[in-house]
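What follows is a short report on a single structure.
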Amino acid sequence: MDPKKTWGLTMTTPAFPRIYIKGLVSWDPGLTNGSGFGFYDPVTATIDRSQIPAGTSLQDFRDSLPLLRQSWNHYGTHIAEFRDVKVTGVSNGPGNVSITDPIVEKPVEMKGKLVDVSAANDNGTQVFFDKIVVGDAFSKIEAKRQRRMTARFINFDRNTSLSGAAGASAVWEVSLPEDGISIQNFGNSTVLSDLESALSLPEHIGLSFRFHTYRTLYYRNGIDNSYKHRPRSREELTELYSHGHNFSNPAYSIVCGVIRPWRVDEHQDHPTGRVLYRQNGGIGKTFVSIDRAAERAVIDLGETIPEVDADATKQDIGEVRVTSEHNGTEVELVTLQPSDYDRASYDRTAGLIDVDLSGLSSDGWKTLEEGTLKLSSATASAEERTYVVVVGERDTYVDEGDSVSIELRVMDHGKPAPNGTLVKIVEFDELTATEIRELPPLTTDNSGYATFDIPVAGPGIRSYVFDAYEPTSAAPPTRPYGFASRADEYFALVRTLPNDDALEASVTDADLTWRWIYETIFAEFDVLNPVMTRRSEPSINTPLHDRTLMESKAKRVKELIDQRAFETASYMPVTRDLSRGRRKILERWCDLVLRDDAPGDLLLAGLTPTVMRERYQPLETDQPDNG
Amino acid sequence: MLRRRFEFYREGDDVGKDAVMMTAESAKSKLHWAGPIKLARQSPPMDPIDEMIFLLHTAAEIEHSLLAQYLYAAWSLPEREPQRRWREGLIAIAREEMGHLMSVQNLLLALGGGLNFEREDYPFNEFYPFPFRLEPLSVQLLARVVLAEMPDPAIIPPELGFDLAQVRADADEQGDVDRVGALFELIIQLAEEVGNAGFNGDSLPFQADPNDWWACIFNLVLTKAGDRDEAKKLLEKIAEQGEGHTEPDVGPSSHFRRLFEVYNEAKQFLDDSPGAQLALPLPVNPTVNDPDADGYLGLEDAHAWGVAFNQRFHWVLLEFAHLLTLDASDSDRRELRSWTVVDMRALSEMAGILIGLPQVIPPKFDSFGRPIVAGPPLELPHSLSLPDRPIDRWRAQARLAHQHIAQLRNVGDQTTAASMIADIEPRVEWIRKRHGV
């Protein structure tokens, strides 16, 4: 069954059985390529060499960077990994959470690489991963990735006592197709049996995993891990860096979420449901899903209620009403007491609240389906906006000159927007935080879909902000570029890598000496993110400036930079900023090394390999091929 | 069966007069023998070169045994702190033992002796302080390997806090006799006796090249040895890295110190976290060959992966042996080296798959009530001998490839298997084109 053909034909709620999980996630980003640190040029995807003092070698510059940059994690590995995440409960129907199933208390594993598509800010956070594993050898789900995860709806007000990134939260939704899922159930888990049965139904096409990350703590070595270097402040970290210590200093967030069948009418990699935006108070987004056939609704408070301290105690915002209003008529979905959304309740179901609507009249259903959803308490309120623009593949990398399209879907009160709904598009330059232009609007089809052909542009990072409107209405006003306002917007980020094809065409094989390849390609990563030199915590031990090692690993280098490996956790460079031209050059160098035909380094003597080849007959070094 | 016996005597005693000669087994039970001991020369006497080759074969088997046990213990550790860090440390030590094993092969090449990648499982090597046993990491295991790598207790600095009686009690062994050190001492003495004339410089192109194995990066004690002095220096470095008679000048500390550190941390971890377990519940001595053994991998898929694991392990050892028969300028040698890198990665991946499968269904449980999962068996084939004729070596490689592909087609996770098969199929084609077999 083609999912696209059936998506959105009915409204739905998160299905059963559900598996609830909670624990920590470690974030270990390498931060050197952030433009705020001034040593990286995101347009050319190279070191900003104007920042290197005259007479300073690349090696000395590399060694001085930890102190120059004053980053909290100069040697980050980019690893994003669940830590002590466990199944906390399972549910096979509304209102019922069991903690006796054999899968409960079993680990949930995810290990990937955290990469910001935008070097300028945090709006494009992604995790490239290969699989998610729930359980152990006896009761286990293993689900392979189709697409990377993206953080959405970042809320910097999630924690009232923590500021900045520490107090921020994000919602992640990743869809895992059925053909990559295996379930092993030697432990006789009921929920896994139910899940296997559910996945055999035509309306289910895999698993959906929605989780929330929040309450981020920094400088946790020795607390959330056993690393030996344990700075507790920027000053202590700088002191350790100044003594040449090379280690990770990851941050840790709480992760809480739910895994459930992915219904054919749900979006891929984007939360399904109607979205309520904050009107007053410090609350975050609320997602509401309604299923008329089942006479149920699910209020997802996963992002809604702030915490007030580092222990993630929920704020008491009093009694909370969720209603729908249409033409002056109001229908109430539910009234919640603080005990319904306190930390214990949140942890129990990852913020999902199932609501029985079996008593609702047909007029009530009409109000619910056509009206505007609202959430209100004495101190906070939120209200639904008419349209949701689903950008499943939010982050895109493209080589300069290449064209690429992404698919949008416009939802109107939880249903596909009517044919002909318009989508306004404004293009911004992420690096200068300025508006570039407004593009011609898109028009949706019968199912709310529209295809956006990303304009071919020069190298850099651009964003496209989408806003849907009725064809009979005026287009909504353009909002100025704003990092914070992105949390309320639907957008796509596009990183265009420079066209280095000419460079690739201009170098001959004879020019590809180690020195050239290091200074032109490896150095960009070796200098700015010298994590490959790491000998412990965790050990990597593959310095990019080690010629012998790099030559010995030429085959592996070629595998890791292969474009086909782009979505994998092991792809190199982890920052995904190797242009097509540079990749080709590196592949050529690998081939030369593997053929034992890489040119020597004679540049210091002023004798380039090309000159040498002109002057002298090359030596025959190849072994005879018996084949 | 051992064709030669080893005898020990106390340092300072005069062999042939007052020395009390004891076998390793009896020395082990004599606690009053704690302290420096010497390994006696062979009786009846052997030519010094032959005696040195004999002792190097013994050393190779010890290194192989140690690296297998370290790997198994490392793979038994869960993906969480602090076990993740211990695993990293144990794998680094196993890699260094691999460096020792390659260095011993270099010395054997220099002496004109046969290569030896074998391992003696049972009866266990007389030099080894406890029987070869693949088991998940425990305080007892750590205490045992600390004893195995321990230098003369008299030279251990007091600030290290080393309590021999406590370690011995934790090990549940009486293994306080420094027999491995005595072995290397005698080999060094023999190198002196053999002299430059006994070492063949023409073996250098065949010896393992430290650059090929990234010796500097991975802290491997691996050099070529073309004469007596180079051989002695290499042997002293091996002893230093293992037991730390003197701590290495640069790089990580000796195996003894690193293992003692993990031992202390593991004990502290258990004190701090009552009820916690150090390792996953892996079987002791997993096997795919003996259905009556406790460690038998009875689950069909675990058995299939175990069979494939053993074959890949066999294969990588054969590749090491094979490439050392080829001259450094031979591109076939480079090809074999690239295979070993892929194979070692595949072994690690297979180990990860095995510990994600039950050993048997219905499950067996460990003493903590946890169901036991499968473990990588690391079993050896009937023989690791290389065929005598070069062409037959490539035929053997091709057979191993075909057989391994068939084994991988028999496992449950065909996605992973397909990726592994994709690594191997080009080898079959390469052998066919290059060697016509």
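Just so it is clear, none of the values below were taken in a lab; they were calculated from the coordinates. Given the structure is predicted, the values throughout are model-derived calculations rather than measurements. Cβ sites come from the backbone with ideal geometry, for glycine too, and all protein chains shown count toward neighbours.
For the peptides A:413-419, B:156-162, what is the packing order when you average, over each peptide's residues, the other Cβ atoms within 10 Å and list the highest mean first? If you can, show how the numbers build up before the last one.
Values: A:413-419: 18.4, B:156-162: 11.3.
By packing density, highest mean first, the sequence is A:413-419, B:156-162.
For the stretch A:301-397, take N as its residue count and report Rg(C-alpha) divided by 2.2 N^0.38 Å.
Working: Rg = 15.8 Å, N = 97, 2.2 N^0.38 = 12.5 Å.
Output field value: 1.27.
By the Cα gyration tensor, chain A has an equivalent ellipsoid whose semi-axes, rounded to whole angstrom, run 46, 27, 25 from largest to smallest.
Quick one: dipole size for the protein assembly as shown, taken about the Cα centre, charges +1 on Lys/Arg Cβ and -1 on Asp/Glu Cβ, in debye to the nearest 20. Each step should come with its number before you reach the end.
On the way: 111 positive and 162 negative charges, 151 e Å.
My answer is approximately 720 debye.
Computed from Cα atoms, the angle from the helix A:580-594 axis to the main principal axis of chain A rounds to 50 degrees. I need to check one value: relative contact order of the stretch B:366-437, counting alpha carbon pairs closer than 8 Å and at least 6 residues apart, in percent. Value for the stretch B:366-437: 29 percent.
Using per-residue counts of other Cβ atoms within 10 Å, averaged over each peptide, order B:260-272, A:492-504 from highest down. Please report the intermediate quantities before stating the final value.
Details: B:260-272: 17.0, A:492-504: 20.5.
Highest to lowest by the protection proxy: A:492-504, B:260-272.
Here the calculated FRET efficiency for A:SER362 and A:ASN446, from their Cβ-Cβ distance with R0 = 41 Å, stands at 0.95, rounded to the nearest 0.05.
Scaling against 2.2 N^0.38 Å puts the C-alpha radius of gyration of the stretch A:482-538 at 1.81.
Across the residues of A:575-585, average count of Cβ atoms on other protein chains within 10 Å? Each step should come with its number before you reach the end.
Numbers: counts 0, 0, 0, 0, 0, 0, 0, 0, 0, 0, 0.
Partner Cβ neighbours, averaged per residue: 0.
Dipole orientation for the protein assembly as shown: of the candidates B:HIS100, A:LEU192, A:ASN280, A:ASN280 has the Cα lying most toward the positive pole (charges on Cβ; Lys, Arg +1; Asp, Glu -1). Round to a whole angstrom and tell me the spacing of the C-alpha centers of the stretch A:529-593 and the stretch A:345-407. Answer, in whole Å: 41.
Here the stretch B:323-352 is scanned for amide nitrogen atoms under 18 Å from the site 7 Å beyond the Cα of B:ARG399 along Cα-to-Cβ, giving B:323. Bridging of B:LYS233 to lysines at a Cα separation below 18 Å is possible for B:LYS224, once same-chain residues fewer than 8 apart are set aside. If the segment from B:GLU193 to B:ARG434 were pulled out straight at 0.36 nm per residue, it would be longer than the present Cα-Cα gap by 82.4 nm. Dividing the helix sum by the residues of chain A, where each DSSP H run of 4 or more adds -39500 (n - 2.57), gives a mean residue ellipticity at 222 nm of -4500 deg cm²/dmol. Legend: mean number of C-beta atoms from other chains within 10 angstrom of residue C-beta atoms, peptide A:136-143, equals 5.
Convex hull over the alpha-carbon atoms of the protein assembly as shown: what's its volume per residue in Å³?
Details: hull volume 198.7 nm³, N = 1064.
That works out to 187 Å³ per residue.
For B:SER331 and A:GLN59, what is the calculated FRET efficiency with R₀ set at 41 Å and r taken between the beta-carbons, to the nearest 0.05? It comes out at approximately 0.80. Compute for chain B: radius of gyration divided by Kirkwood radius, i.e. Rg/Rh, restricted to C-alpha atoms, rounded to two decimals. Result: Rg/Rh = 0.96. Extension gain for the segment B:ASP202 to B:ALA276, taken as residue separation times 0.36 nm less the Cα-Cα distance, is 21.1 nm to one decimal.
Given +1 at the Cβ of Lys and Arg, -1 at the Cβ of Asp and Glu and no other charges, the dipole of chain A around its Cα centre is 900 debye to the nearest 20. Here each label is just a point 7 Å from Cα along the line to Cβ, and for A:SER50 and B:MET344 those points are 4.6 nm apart. Label positions at A:GLU319 and B:ASN264, each projected 7 Å from the Cα along the C-beta direction, are separated by 6.2 nm.
Pairs spanning more than 21 Å between alpha-carbon atoms, out of A:LYS111/B:LYS267; A:LYS131/A:LYS314; A:LYS285/A:LYS314; B:LYS38/B:LYS232; A:LYS374/A:LYS415; A:LYS285/A:LYS374: A:LYS111/B:LYS267; A:LYS131/A:LYS314. Take the Kirkwood radius over Cα pairs of the stretch B:192-291, plug it into Stokes-Einstein at 20 °C and 1.002 mPa s, and you get 123 µm²/s for translational diffusion. Dividing the summed -39500 (n - 2.57) terms of all DSSP H runs of n ≥ 4 by the residue count of chain B sets its mean residue ellipticity at 222 nm at -17500 deg cm²/dmol.
Could you name the aspartates and glutamates whose alpha carbon sits less than 15 Å from that of A:LYS555, not counting residues in the same chain fewer than 8 places away? Within the straight-line cut-off, A:LYS555 pairs with A:GLU587, A:ASP591, A:ASP596, A:ASP597, B:ASP212, B:GLU335, B:ASP343, B:ASP423. Taking all Cα pairs closer than 8 Å and separated by 6 or more residues, the relative contact order of the stretch A:46-125 comes to 24 percent. Debye sum, Cα scatterers, the stretch A:376-461, no solvent: what log₁₀ I/I(0) at q = 0.11, 0.14, 0.16, 0.25 1/Å? Cα-only, vacuum Debye calculation for the stretch A:376-461: -0.41, -0.62, -0.76, -1.25. Would you compute the Debye intensity of the stretch A:402-553 from its alpha-carbon atoms alone, equal scatterers and no solvent, and pass along log10 I(q)/I(0) at q = 0.18 Å⁻¹ to two decimals? For the stretch A:402-553 at q = 0.18 Å⁻¹, log10 I(q)/I(0) is -1.04.
The Cα center of the stretch B:408-427 and the Cα center of the stretch A:109-175 differ in position by 31 Å. Averaged over the residues of peptide B:148-159, the number of Cβ atoms from other protein chains lying within 10 Å of each residue's Cβ is 0. The stretch B:140-159 and the stretch A:415-430 have their alpha-carbon centroids 70 Å apart.
About its Cα centre, the dipole of chain B is roughly 1080 debye, where the only charges are +1 on Lys and Arg Cβ and -1 on Asp and Glu Cβ.
Contact order for the stretch A:165-310, expressed relative to its length and based on alpha carbon pairs under 8 Å spaced 6+ residues apart, stands at 25 percent. Round to the nearest 10 and give me the degree value, 0 to 90, for the angle of helix A:58-69's Cα axis relative to the longest principal axis of chain A. On a 0 to 90 degree scale, this one is about 30. Of the residues A:GLN146, A:PHE128, A:GLY167, the one whose Cα sits farthest toward the positive end of the charge dipole of the stretch A:89-234, with +1 on the Cβ of Lys and Arg and -1 on the Cβ of Asp and Glu, is A:GLY167.
Hey, can you rank B:380-390, A:107-117 by average C-beta count inside 10 Å, highest first? List each step's numbers first, then the result.
Details: B:380-390: 12.6, A:107-117: 22.5.
In decreasing order of mean packing, B:380-390, A:107-117 become A:107-117, B:380-390.
A dipole drawn for chain B from +1 and -1 charges on Cβ atoms has a positive end, and of B:SER65, B:ALA148, B:HIS402 the residue lying farthest that way is B:HIS402.
Restricted to Cα atoms, the stretch A:149-243 shows a radius of gyration and a Dmax of 20.5, 60 angstrom.
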